[in-house]
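The values are calculated or read from the model by the stated rules, or taken from the named source; none is laboratory data. Note that the structure is a prediction, hence the values are computed from the model and not measured. Don't worry about glycine lacking a Cβ; one is built from the backbone with ideal geometry, like all the others, and counts go over all protein chains shown.
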Amino acid sequence: MTKLVEWLVGVTAVLVSWAVVSFDLLDLSLPEAYREVALPMPLYLLVSFGCYSLATVGYRVATFNDCDDAAKELQEQIKEAKEDLRKKGLKF
């Protein structure tokens with residue numbers, strides 16, 4: 001089972017259970033408090049997902065590894081390119 005199928009099954013299960021509780025599709029005679037909690041649940045889940053995503057991106061940016069060797073190599077290539085262009089008559 002691919003990750004996409006896993007996510008689709010999970011989201012479908014959550015949506016079906018939300019619809020059953022919110023709209024009382026199976027006549028479960030649940031207390032009104034359950035319905036009041038269930039109706040705004042998609043919004044709560046969306047906000048929670050956004051917070052999680054923001055925290056994950058912030059953490060990954062804060063712990064991003066620097067590539068010192070690659071930076072030095074790039075600076076050397078820039079110097080070589082500038083020297084080559086100077087030899088060809090370009091002025092900086």
Worksheet, complete the sentence: How many residues of region 41-69 are at pLDDT below 90, surrounded by fewer than 10 Cβ atoms within 10 Å (Cβ to Cβ) and not aromatic (Phe, Trp, Tyr)? The answer is 3
Worksheet item: Inside region 20-44, can you point out the residues that are without any contact (Cβ under 8 Å) to a residue 12 or more places away in the chain and part of a helix (DSSP H, G or I)?
Response: Val20, Phe23, Glu32, Ala33, Glu36, Val37, Leu43, Tyr44
